[in-house]
Amino acid sequence: MDSDDEIEESTKWEGSPGTIILINAMEDSSTLNVAHEATCLLIRQYLRSSSSHNVGVCLYGTDQTQTDLNSNNIIDVISMDTPTLAGYNKLRAMDIPSYGKATEYVLSEVLWHCSKIFKDFKKKLSSQTVLILTKLNNPPIKTDQKRTLDRVVNLVGSHTKITFINISSDDYPIDKFYKEMLIDINKSQEYTLPKAVWDPKVIQNMMYQQSHRHLAVAKLSFEIGPGFSIGVGVYSLLRKSNQSYHKTSNIDAKTNEPLTRVTMKTKLTVNPSTSHQDSDDEVSGEPKELPLLDSELLFCQEYGGERIEFTKKEKEEMSNPFGPPMLKLLGFKPTIKLCKEKWFLKTGYFLYPNESIIEGSTVAFKALHKACDEMKTVAICMLCTRANSRPNIVALSPCTRPLDLEIEIGFDVIHIPFAENVRDIPQLDEESENPTIQKKQKDEMNKILNCLLFDYKADMFENPKLQSQYRAIEGKALQETFIEPFVDTTIRKPEVYQVIREDVFEELFGPFGVSSIKRSCNADKSNTKKKIKIEDINETLVQEMIVNKSVEKLTVIQIKNILKERDITFPKSSNKSDLCKLVYENCA
């Protein structure tokens, strides 16, 4: 496995995240339908990504009780576990209004129910999150408000994240009780009131962002200078869109039984021959298969037709000659000097301070960010995320709010090439003439470009291939007769092209289809001149073109032939203007 692929390899984290979604059954039917639809979309999203996220769905405030725990007016729709197709079908077919509404609104009971779910869950959880889908204008009964705030303090103290999703079609004043509850949830720090949302897809995205774990690819020591380091976390904000992470298995064509394959690292040992007392015959020992130790495992690399062997320790030293994983500052470079088009095209990272490694790292990190931003510079660093990964040269570009996330400061970690990665592009000996463009054509092209301008966001376009594949698989898995058609978000609406004149567009780019031919960019055929062939060039024509200063009409190859015939040396990398200058100076 190639250790250079740092996206597929991930550090080992203990446990998997756990999320409980609470739906308030005491809301009106329209609000319940929106909450139900958004929850179904979230579970479907986890099914698509084959996530190991543990999700549970509970319905509270009902007239019935369906739970294994000693809780009242609560229905466990989906027990907290990895999402399954059976759980999704159960949630999808559920009619929430049919369960009725409780006589009193008690919120402390459901929070206590969540704490018991987290406590009794057998798997190890890396995080605990509670998402409450409800309006914030109907508080619990008076006798339950004090108990509810106490439950909130206990859950927050046990590192449980509580988030309200305010489902409403319009804005309204939030009740005072929920403001007090938000103070306890945020531990008396500054917070913003949840905005009213009504679109199920927007709610699904909000729940996914709140429940999704943003784990660091690596937590490193950032060495700024001798004896001065800060702690940072390297995050990957993007993930691959392919389905390589999906669990796949091969099945037998006849029996449909899964096929298994076992890879074992073993060696054969032969016991020495043994002799019997009563017989002179020697019986050779049978060979035994024993597991291969790590110290006995060798790696090899073919070089010149031979296999060069080396041990595991030698392989690690070759992969990372810089030692332990770290981020080391090499220097600074002005932003305008580092051409963005030449940056190494590889998925970058996001850099953020980490206080768990070195206390006070945030202060130094903010100072470095402010200095780079004000002085318009980028930091050039050496990055090595793990002990067995290859080092990379990266540029730290200061940024704010990456991908519209609520992050004030940070650095974009952009991979830049080594000297071995850069290719030498040869000089092409081809014609490089500037075509004549009329003002009418230029104005029409500006109109076409202006009508296609739009404000780009990172989440505007969906992958057409991936989304259509999702719908085909889900249609078979859910046995749906009607598969939701996929709308290609990369196709622009026809209305934006109404300002373009058809006749001018035909003149610029047409004709189309089978009858299309290669045509010149110059629309005025009267100004077009026949190209001069190589055999038509003689000494008289060359002198006339020198006098008239029209050597530029010849091609690069023709000018080079003129210079070669007169034994005039010129650099191979010379452009057309330099070649013409040599003709004027030496051939007159």
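The values are calculated or read from the model by the stated rules, or taken from the named source; none is laboratory data. Source: prediction; values computed, not measured. As a convention, Cβ positions derive from the backbone with ideal geometry for all residues, glycine included, and neighbour counts pool all protein chains shown. To get the accessible areas, we keep the full protein, side chains included, count just its heavy atoms, and leave off ligands, DNA and RNA. Shrake-Rupley method; radii C 1.70, N 1.55, O 1.52, S 1.80 Å.
Are there chymotrypsin sites (Phe, Trp or Tyr not before Pro) in the stretch 310-374 that DSSP puts in a loop and that have at most 14 other Cβ atoms within 10 Å, and which ones? Kindly include the intermediate steps, with their values, before the conclusion.
Values: sites: Phe310, Phe322, Phe332, Trp343, Phe344, Tyr349, Phe350, Phe365; in loops: Phe322, Trp343, Phe344.
Hits after loop and neighbour filter: Phe322.
Would you mind working out the accessible area per residue for the stretch 68-219, using a 1.4 Å probe, and quoting it in Å²? Please report the intermediate quantities before stating the final value.
Numbers: 8420 Å² over 152 residues.
Here the residues of the stretch 68-219 average 55 Å² of exposed surface.
Amide H to amide H, which residues 5 or more places from Leu237 or on other chains are under 5 Å from it, using H placed in the peptide plane?
Long-range HN contacts for Leu237: Phe350.
Using the structure shown, list the pairs from Lys135/Lys457; Lys90/Lys122; Lys90/Lys124; Lys142/Lys176 with a Cα-Cα distance above 18 Å, or answer none. Intermediate results must be reported in sequence, preceding the final value.
Working: Lys135/Lys457 30 Å; Lys90/Lys122 23 Å; Lys90/Lys124 26 Å; Lys142/Lys176 13 Å.
The pairs that break the limit, which is 18 Å between Cα atoms, are Lys135/Lys457; Lys90/Lys122; Lys90/Lys124.
Would you list the P(r) distribution for the stretch 91-194, with all Cα-Cα distances sorted into 5 Å bins from 0 and each bin expressed as a whole %?
Spelled out bin by bin, the stretch 91-194 gives 2, 10, 19, 23, 20, 15, 8, 2, 0 percent.
For the stretch 151-232, which chymotrypsin sites (Phe, Trp or Tyr not before Pro) pass both filters: DSSP loop (anything but H, G, I, E, B) and at most 13 other C-beta atoms within 10 Å?
Listed in order of number, the matching sites are Tyr191.
If R0 is 56 Å, what FRET efficiency do you get for Cys300 and Leu478 from their C-beta distance, rounded to 0.05? Could the numbers behind the result be given before it?
Working: r = 49 Å, r/R0 = 0.88.
Efficiency, rounded to the nearest 0.05: 0.70.
Could you tell me which of the pairs Lys101/Lys179; Lys333/Lys370; Lys313/Lys346; Lys265/Lys288 are separated by over 21 angstrom between their Cα atoms in the structure shown? Walk me through the numbers before you get to the answer.
Values: Lys101/Lys179 25 Å; Lys333/Lys370 15 Å; Lys313/Lys346 28 Å; Lys265/Lys288 14 Å.
The answer is Lys101/Lys179; Lys313/Lys346.
I'd like the Karplus ³J(HN,Hα) series for the stretch 19-36: coefficients 6.51, -1.76, 1.60, θ = phi - 60°, whole numbers in Hz, and an x wherever there's a Gly or Pro.
Per residue, the Karplus-derived 3J(HN,Hα) values read 9, 10, 9, 10, 10, 7, 6, 8, 7, 6, 5, 5, 5, 5, 5, 5, 5, 5 Hz.
Pull out the extension gain between Thr311 and Asp170, defined as 0.36 nm times the separation in residues minus the alpha carbon to alpha carbon distance; nm, one decimal.
44.1 nm
Within the stretch 137-193, what whole-number % of the accessible surface is contributed by carbon and sulfur, with the 1.4 Å probe and all protein chains included in the calculation? Each step should come with its number before you reach the end.
Values: 1680 of 3450 Å².
Here carbon and sulfur together make up 49 percent of the probe-accessible area.
Where the only charges are on Cβ atoms (+1 Lys, Arg; -1 Asp, Glu), what is the dipole of the stretch 352-410 about its Cα centre, to the nearest 20 debye? Please list the in-between numbers first.
Details: 6 positive and 7 negative charges, 67 e Å.
My answer is approximately 320 debye.
Sticking with the crude label model, points 7 Å out along Cα→Cβ, report the distance from Gln543 to Ile251 in nm, one decimal please.
8.8 nm
Could you tell me the calculated FRET efficiency between Lys123 and Phe454, based on Cβ-Cβ distance and R0 = 45 angstrom, to the nearest 0.05?
Details: r = 45 Å, r/R0 = 1.00.
Approximately 0.50, to the nearest 0.05.
Please give, to one decimal in nm, the separation of the simple spin-label points placed at Phe570 and Ile336, each 7 Å out from Cα toward the Cβ.
3.3 nm
Within 12 Å, Cβ to Cβ, of Glu37, how many net charges do the neighbouring residues add up to if Lys/Arg are +1 and Asp/Glu are -1? Write down the numbers at each step before the final one.
On the way: positive: Arg44, Arg92, Lys201; negative: Asp199.
Residues close to Glu37 contribute a combined charge of +2.
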